[in-house]
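See structure below.
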Amino acid sequence: MCSARGCRRPAVWALRWNNPKLHTPERRKIWTACDEHRTHLEEFLSLRGFLKETVSTEELVE
């Protein structure tokens with residue numbers, strides 16, 4: 001399910017991120033996103049310098 005507030009759409013993207021003030025450099029937290037909210041969530045994380053990469057949710061299970 002998409003991590004955007006109030007969205008209940010299936011997620012197709014995984015945004016891997018890290019807050020360097022809280023997490024070790026190798027740790028990755030994951031937010032999931034539908035196509036509609038991908039850009040918004042990426043921008044939110046990027047502005048804070050947290051976004052590391054975006055991959056399809058299919059890549060998470062490989």
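Quick rundown of the values:
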item: Cα-Cα pairs of the chain separated by more than 14 Å (percent); result: 53 percent
item: Of LEU51, ALA11, VAL61, farthest towards positive along the dipole that unit charges on Lys, Arg, Asp, Glu beta carbons give the chain; result: LEU51
item: The chain - percent relative contact order, Cα under 8 Å, separation 6 or more; result: 41 percent
item: Whole-number accessible area per residue in Å² for the chain, which is evaluated in the context of all protein chains at 1.4 Å; result: 72 Å²
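The values are calculated or read from the model by the stated rules, or taken from the named source; none is laboratory data. On a predicted model such as this, the values are computed, not experimentally measured, just so you know. Please note: Cβ atoms are built from the backbone with ideal geometry, for glycine as well, and neighbour counts cover all protein chains shown. These accessible areas exclude ligands, DNA and RNA; they are computed on the full protein's heavy atoms, side chains included. Shrake-Rupley method; radii C 1.70, N 1.55, O 1.52, S 1.80 Å.
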